[in-house]
Amino acid sequence: MKYHFRAMRIYPIAIFILCAQPVVALDVVWPTGATQIVARSQSTADFNIATGTADRGGVPPSRSVSGILSEEVWRLPGEGADPAAIIAALRAQLTAQGYGVTFACADRACGGFDFRFALPIAPAPEMFVDLGNFHYLAARRSTPGAVEDIALTVSVGGQAGYVHLARIGEGDTAPTALIPSFTAPNAADQADMIAQLIETGHAVLADLAFETGASALSGNRYDSLAILAAWLAGDRARRVALVGHTDAEGALDRNIALSEARAAVVRQSLINDHGAAADQISAAGVGYLSPRATNTTPDGREANRRVEVVLLAQ
């Protein structure tokens, strides 16, 4: 079972209140059944955030941040909880809300035992960390008058996923207010897209949106990219190509260039925002040569402005 996070109605919950500068809240969507098992804060703390991997028998390079610290541990139910899928979904949510990833690694590539125990990650039984199956991610967001650092560790224990979420506001700035929302892992959406990809060899990333003549994505949170990234992370042998398409407005050469740019933007989003491996994804464009709807209506032209994923190897 892989977790798929979606935006939904938000129910604010106050985690803690401190006298400090106001900052933009952090909205985190968890799957239904997720339980917060640890919530604590310190008004003054020094917290080490990894900036690199640990060499064998050594300690990872890190930077120390001083300020107000908030720590939480969440338990995510489900047999076969997948840390790669969970971290991809959380990474997408953070980047969509203005956090820049400063470092990320996975289990043995991080340094395994040396990495895990050199950093202030909550101990068992609060937080279970499988040394052969965990992910770490550090991110930072700067807003007027406030800087916040986040360190995420995701792993498994028994038949559940575990997330350690540490947030520290520099100086006397409190970490952002956390707004947790809950949604069931949308297994149907995930299964449909991946099943279509495997069965037919291609699938439309249907929730992406492009404006006429533009290569930039119109929004910043796309479920299809989180689903695809999680599927790619499940097996490094998997390979896909992203193929961009346009409507029929303008000359063919311009539209081929535009479709290539759209595919490249989506590929970069998968890599930068969702942690996908660059060597698993290629990008190309065919302009308006492969429409799936008429180009004589606004709805048809919108349907033709798309990116499809094509299966190369599984």
For segment 243-314: relative contact order, % (alpha-carbon pairs under 8 angstrom, 6 or more apart) | 45 percent
In nm, what is the difference between 0.36 nm times the number of residues separating Gln36 and Asn272 and their Cα-Cα distance?
-> 82.2 nm
Restricting to Cα pairs under 8 Å and 6 or more apart, the percent relative contact order of the chain works out to 21 percent
Largest to smallest accessible area among Leu131, Leu312 [probe 1.4 Å] = Leu312, Leu131
Measure off 7 Å from each Cα along the Cα-to-Cβ vector at Ala109 and Asp55, then give the distance between these two points in nanometres to one decimal.
-> 2.1 nm
Carbon plus sulfur, as percent of the 1.4 Å-probe accessible area of the chain, comes to 53 percent
Using just the helices of the chain, give the 222 nm mean residue ellipticity in deg cm²/dmol: DSSP H runs with n ≥ 4 each add -39,500 (n - 2.57), and the total is spread over all residues, rounded to 500.
-> -8000 deg cm²/dmol
Magnitude of the Cβ-charge dipole of segment 216-314, K/R +1 and D/E -1, about the Cα centre, nearest 20 debye?
-> 140 debye
Considering only protein heavy atoms, what is the solvent-accessible area of Asp192 at a probe of 1.4 Å, reported in Å² to the nearest 10?
-> 100 Å²
Would you please give the FRET efficiency between Ala251 and Ile198, computed as 1/(1 + (r/R0)^6) with r the Cβ-Cβ distance and R0 = 41 Å, to the nearest 0.05?
-> 0.70
For the chain, how big is the tail of P(r) above 33 Å, as a whole percent of Cα pairs?
-> 29 percent
Looks like segment 46-159, by Cα gyration tensor root eigenvalues a ≥ b ≥ c and the a/c under 1.5 rounded cutoff (else prolate when a/b is bigger than b/c, oblate otherwise), is oblate
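Where does each of 39-49, 281-291 land if you order them by average Cβ count within 10 Å, highest first?
Sorting 39-49, 281-291 by mean packing, highest first, produces 281-291, 39-49.
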For Ile194, solvent-accessible area (1.4 Å; no DNA, RNA or ligand), Å² = 20 Å²
Using the heavy atoms of the protein chains alone and a 1.4 angstrom probe, what is the accessible area of segment 82-208 per residue in square angstrom?
-> 35 Å²
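The values are calculated or read from the model by the stated rules, or taken from the named source; none is laboratory data. This structure is a prediction, so every number in the text was calculated from the model and none was measured. Virtual Cβ from ideal backbone geometry, glycine too; neighbours counted across all protein chains shown. Heavy atoms of the whole protein, side chains included, go into the accessibility calculation; ligands, DNA and RNA do not. Shrake-Rupley method; radii C 1.70, N 1.55, O 1.52, S 1.80 Å.
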